[in-house]
Number of protein chains: 2
Amino acid sequence: MREIYLDHASTTYLDPRVAGAMRPYFENEYGNPSSLHRKGRRAKEAVENARQTIAKILNCLPEEIIFTGSGSEAINLALLGTARAYKEHGKHIIASKIEHHAVLNALKALKKEGFEVTYLDVDKNGLINPEDVEKAISQDTILISIMYANNEIGTIEPVAETGAIIKKYRDSEKTPFFFIDACQAAGALELNVQKLGVDLLAVNGSKIYGPKGVGCLYVRKGIRPMPLVYGGGQENNLRSGTENVPGIVGLAKALEIAEREREAESTRLAELRDYFIGRILKKIPKTVLNGHPAKRLPNNVNITFLDIEGESALLYLDEKGIYISTGSACTSNSLEPSHVITALGRPYEYAHGSLRFTLGRKTTKEDLDYVLKHLPKVVEKLRRISAVRLENRK
Amino acid sequence: MREIYLDHASTTYLDPRVAGAMRPYFENEYGNPSSLHRKGRRAKEAVENARQTIAKILNCLPEEIIFTGSGSEAINLALLGTARAYKEHGKHIIASKIEHHAVLNALKALKKEGFEVTYLDVDKNGLINPEDVEKAISQDTILISIMYANNEIGTIEPVAETGAIIKKYRDSEKTPFFFIDACQAAGALELNVQKLGVDLLAVNGSKIYGPKGVGCLYVRKGIRPMPLVYGGGQENNLRSGTENVPGIVGLAKALEIAEREREAESTRLAELRDYFIGRILKKIPKTVLNGHPAKRLPNNVNITFLDIEGESALLYLDEKGIYISTGSACTSNSLEPSHVITALGRPYEYAHGSLRFTLGRKTTKEDLDYVLKHLPKVVEKLRRISAVRLENRK
């Protein structure tokens, strides 16, 4: 059966060049970077080279990069770690309503620890308004969390503009800190932390053709989050545990490739994306694009098909070897409608009928044409059996 | 140059059979286990199969296994997670003085959160006395942490005996919980949690010829630690983040192989170990074995060479392609003497002069004879230049 994977925002395969870079560290250079002998020193060198590679891409110091076991861990270290470390300085946090669950659930936990969170609305395209950030900032604000690009609808947030505003309110303790979740943006958008004006930034491997089980957090010099994991003092005492050397090497390699190919690949993907969106909206009635039409990740297509149930469509397409998602990958195990699509001011049904197609490096026009052949039939079939009949509120 | 790696307690290479088991999950079965389509379901199946494999070895339910990003994270989840979740029930914790830094530093963090910790002495061979655990238990005790086998000196603790005692004091809330750090024991000792009478048990991949960056925690049904990382709700809501599918598959495969080969390999290693210990103690004057002579991991040799400085010996041996450690791998970056060897009631100098040789699957008698050829010369050279002259207190 032909297989067309259009779920690259959930996770990607490992690029063979990344696999090649990792291999020696499984087989021969398997030392523990904390060991003083040659095998340990060579492993340490690999980790430090990876750190430098990433620092160069982020335009920061190598010691500002902290390796973690996942994007979620990097996000949690940024939020829980910083809030707990600076709670004497203030207990107010600001975040957008459409953050990833790693952010939202970490903030829920902080709420139980006595922090207060202001959640910012987004407009109908999923954009926050930097002025809303400014209005929400108080003396008590220590942390602001805005995602760089949304994983579900692909909307790219005005983070640089927001960063510039936050800078004006920074006090002697350097708070409020500005954190951005760049897990979905990496590989598509520039990660220059100086230009973005951010203090903390999370990235992971599994969305950029790198390994799963590894991520990293940029922590601006001078900021000391409290660790989530204590032990041998690795990663500048911020994240203990024997370094995942192959994973770290793989993350750096994946980011390096993504950065090098970013512009050309983004142009290619954006063309495919716009072709695909255009065809669907034209070919299939009662369809609505979710997310911003232009300020959008080049590989993201998220469309609501009114009067259908997303999970059923997903499974019918699965039968044809077409792999997509409905709502975020992290939420697809639950039946809760996407908090992102409902935040756009649309009824629940829009979330239920939303399908996300996320393109990747191997995606071709032919792949999309194959989908365009099967998708209308699936939608038609589901609409025939659907009990719901919503007005098209396009 | 001939390379003889005798630092298997720091970390091991990846067994080719484990690498083979992992490979498909890098290349083709790269789906996100939370995705509902075929590629996601196949990834989920791989994770659940791994969970079952491990549950069988630990003699527990699959849902009692929580995958983490390292052994340290598993340990921290057990300690921080359980203490924070059950603090209303009591704030007293008991641990041995020779626990791994992941335990000791997590407990230090808990102390700052208002918990009280009783540290138990060990005897001259590194053994705790289960009666001391009994004496230390109070109404307020919620957690007891004893390592299964020590990473530095190889001493195997009486955990089953301790588990039986703790059971007598368990109240209606099922506290105190009994946690054992089995990171160093896995592959050498039985991991049957029912026989051991433990509630929480941590294992990782990087010491058992499995991948780095993955570990797991056994959590007895009914116990709900607080998560360290929040997000998509993976791992029964105890550890969020996209599952490291290849890592998890690798951990299960590594544990399966270790378990299958455990008895034969332990017998082989213990013979080599005893040969090596015997030759060193006989051939080199002023040497003292650290750790229990019999209740000892089959691959662990830890000997103090009086009047030498361990790091210098390590580096001289490194020149000969012999890779060992002095003190724990996790502490070898610092100049602090091993807390384990000093806990044996010996002066600091015994820790400074201690060398750890940890044997592995490929270690042969020829390897050890090569070491026995070079080691006496190194020791002699260092003693010639040493300022310290300690009486041999053997």
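The values are calculated or read from the model by the stated rules, or taken from the named source; none is laboratory data. For clarity, every value in this text was computed on a predicted model and none was experimentally measured. For neighbour counting, all protein chains shown are included, and Cβ atoms are generated from backbone atoms with ideal geometry for every residue, glycine included. Calculation scope for accessible area: heavy atoms of the full protein, side chains included, ligands and nucleic acids excluded. Shrake-Rupley method; radii C 1.70, N 1.55, O 1.52, S 1.80 Å.
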### Message
Could you go through segment A:29-43 and let me know if any residue there is farther than 30 Å from A:LEU189 by Cβ, of a type in the set (Phe, Trp, Tyr) and in contact (Cβ under 8 Å) with a residue 12 or more places away in the chain.
### Response
yes
### Criterion violated by B:LYS97 - all others in (1) more than 8 Å from chain A (Cβ to nearest Cβ); (2) within 19 Å of B:LEU238 (Cα to Cα); (3) in contact with a helix residue (DSSP H, G or I) (Cβ under 8 Å, 6 or more places away or on another chain) satisfied
(2)
### Message
For segment A:366-378, give me the residue count where each residue is farther than 11 Å from A:LEU317 by Cα and touching a Phe, Trp or Tyr at 6+ places or on another chain (Cβ under 7 Å).
### Response
1
### Summary
Across segment B:221-262, the tally of residues that are among the basic types (Lys, Arg) and either crowded, with 24+ Cβ neighbours inside 10 Å or under 23 Å from B:ALA188 (Cβ atoms) (or both) stands at 4
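Considering each of A:LEU120, A:LEU143 in turn, give the residue that is farther than 27 Å from A:ASN237 by Cβ and more than 14 Å from chain B (Cβ to nearest Cβ). Give the derivation first.
Working: A:LEU143 fails: farther than 27 Å from A:ASN237 by Cβ.
After ruling out the rest, the residue left standing is A:LEU120.
Counting only residues that are over 16 Å from the mean Cα position of the chain (by Cα) and part of a loop (DSSP other than H, G, I, E, B), how many does segment A:199-252 have? Talk me through it step by step, then tell me what you get.
As a first pass, look at segment A:199-252 and keep what is over 16 Å from the mean Cα position of the chain (by Cα): A:199, A:219-250, A:252.
Next cut, part of a loop (DSSP other than H, G, I, E, B) only: A:199, A:220-244.
So the count comes out to 26.
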### Query
Among A:PRO293, A:PRO298, which is at pLDDT 95 or above, surrounded by fewer than 17 Cβ atoms within 10 Å (Cβ to Cβ) and not assigned by TED's automatic domain parsing to the domain that holds A:THR155?
A:PRO293
### Criterion violated by A:VAL288 - all others in (1) part of a loop (DSSP other than H, G, I, E, B); (2) of a type in the set (A, V, I, L, M); (3) modelled with pLDDT of 95 or more satisfied
(1)
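Would you point out which residue out of A:THR53, A:THR68, A:THR82 is touching an Asp or Glu at 6+ places or on another chain (Cβ under 9 Å), surrounded by fewer than 22 Cβ atoms within 10 Å (Cβ to Cβ), in contact (Cβ under 8 Å) with a residue 12 or more places away in the chain and not assigned by TED's automatic domain parsing to the domain that holds A:ARG346? Steps first, please.
Numbers: A:THR68 fails: surrounded by fewer than 22 Cβ atoms within 10 Å (Cβ to Cβ); A:THR82 fails: surrounded by fewer than 22 Cβ atoms within 10 Å (Cβ to Cβ).
None of the others qualify; the one that does is A:THR53.
Quick check, is B:ARG356 modelled with pLDDT of 95 or more, in contact with an Asp or Glu (Cβ under 8 Å, 6 or more places away or on another chain) and either under 14 Å from B:GLY291 (Cβ atoms) or in a strand (DSSP E or B) (or both)?
Numbers: modelled with pLDDT of 95 or more: yes; in contact with an Asp or Glu (Cβ under 8 Å, 6 or more places away or on another chain): yes; either under 14 Å from B:GLY291 (Cβ atoms) or in a strand (DSSP E or B) (or both): yes.
The answer is yes for B:ARG356.
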### Task
Taking B:ILE303 as meeting all but one of (1) open to solvent by less than 10 Å² (accessible area, probe 1.4 Å); (2) under 18 Å from the mean Cα position of the chain (by Cα); (3) at pLDDT 95 or above, write down the number of the exception.
(2)
### Task
May I ask you to list pairs of residues, at least six apart or on different chains, whose Cβ atoms are under 8 Å apart, with the first in segment A:301-322 being of a type in the set (Ser, Thr, Tyr) and the second being open to solvent by 50 Å² or more (accessible area, probe 1.4 Å)?
A:THR304/A:ARG346; A:TYR316/A:LYS381
## Note on the structure
Residue hits (segment A:180-195; buried (at least 24 other Cβ atoms within 10 Å of the Cβ) and not in a loop (DSSP other than H, G, I, E, B)) are A:ILE180, A:ASP181
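Mind checking which residues of segment A:53-86 are among the polar types (S, T, N, Q) and within 30 Å of A:GLY114 (Cα to Cα)? Talk me through it step by step, then tell me what you get.
Going through segment A:53-86, the residues among the polar types (S, T, N, Q) turn out to be A:53, A:59, A:68, A:70, A:72, A:76, A:82.
Scanning segment A:53-86 gives A:THR68, A:SER70, A:SER72, A:ASN76, A:THR82.
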### Query
Residue check: is A:LEU61 of a type in the set (A, V, I, L, M, F, W, C), open to solvent by 10 Å² or more (accessible area, probe 1.4 Å), on the phi < 0 side of the Ramachandran plot and within 12 Å of chain B (Cβ to nearest Cβ)?
no
### Query
Within the bounds of segment A:305-317, is there any residue that is in contact with a Cys (Cβ under 9 Å, 6 or more places away or on another chain) and on the phi < 0 side of the Ramachandran plot?
no
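From the list B:SER312, B:SER266, pick out the single residue that is of a type outside the set (Val, Ile, Thr), more than 8 Å from chain A (Cβ to nearest Cβ), part of a helix (DSSP H, G or I) and over 28 Å from B:GLU380 (Cβ atoms). Before the answer, list the steps.
Values: B:SER312 fails: over 28 Å from B:GLU380 (Cβ atoms).
Unique residue meeting the criteria: B:SER266.
Kindly establish whether A:HIS100 is more than 15 Å from the chain's Cα centre (by Cα) and open to solvent by 10 Å² or more (accessible area, probe 1.4 Å). Don't jump to the end; show me each part of the working.
Values: more than 15 Å from the chain's Cα centre (by Cα): no; open to solvent by 10 Å² or more (accessible area, probe 1.4 Å): yes.
Criteria not met by A:HIS100.
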### Residue match in segment B:163-174 (condition: surrounded by 24 or more Cβ atoms within 10 Å (Cβ to Cβ) and in a loop (DSSP other than H, G, I, E, B))
no
### Query
For segment B:30-49, how many residues meet the condition of being open to solvent by less than 40 Å² (accessible area, probe 1.4 Å) and assigned to a helix (DSSP H, G or I)?
5
### Message
Criterion first (at pLDDT below 95, open to solvent by less than 20 Å² (accessible area, probe 1.4 Å) and β-branched (Val, Ile, Thr)) does B:THR155 satisfy it?
### Response
no
### Lone unmet requirement of (1) within 23 Å of B:TYR230 (Cα to Cα); (2) away from chain A (no Cβ under 14 Å) for B:LEU110
(2)
### Summary
Filtering segment B:265-290 down to residues that are touching a Pro at 6+ places or on another chain (Cβ under 8 Å), over 25 Å from B:TYR209 (Cα atoms) and open to solvent by 10 Å² or more (accessible area, probe 1.4 Å) yields B:LYS283
### Query
Is it true that A:VAL47 is touching a residue at least 12 places away in the same chain (Cβ under 8 Å), within 14 Å of chain B (Cβ to nearest Cβ) and under 29 Å from B:SER206 (Cα atoms)?
yes
## Note on the structure
Given the conditions (1) away from chain B (no Cβ under 11 Å); (2) part of a loop (DSSP other than H, G, I, E, B), every one holds for A:LYS56 apart from (2)
### Query
Do the conditions hold for B:LYS87, that is, is it open to solvent by 30 Å² or more (accessible area, probe 1.4 Å), touching a residue at least 24 places away in the same chain (Cβ under 8 Å) and touching a Leu at 6+ places or on another chain (Cβ under 7 Å)?
no
### Query
Only one residue in B:GLY231, B:GLY247 is within 13 Å of chain A (Cβ to nearest Cβ) and without any contact (Cβ under 8 Å) to a residue 24 or more places away in the chain. Which one?
B:GLY231
### Message
Exactly one of these conditions fails for B:ILE93: (1) β-branched (Val, Ile, Thr); (2) touching a Phe, Trp or Tyr at 6+ places or on another chain (Cβ under 6 Å); (3) open to solvent by 20 Å² or more (accessible area, probe 1.4 Å). Give me its number.
### Response
(3)
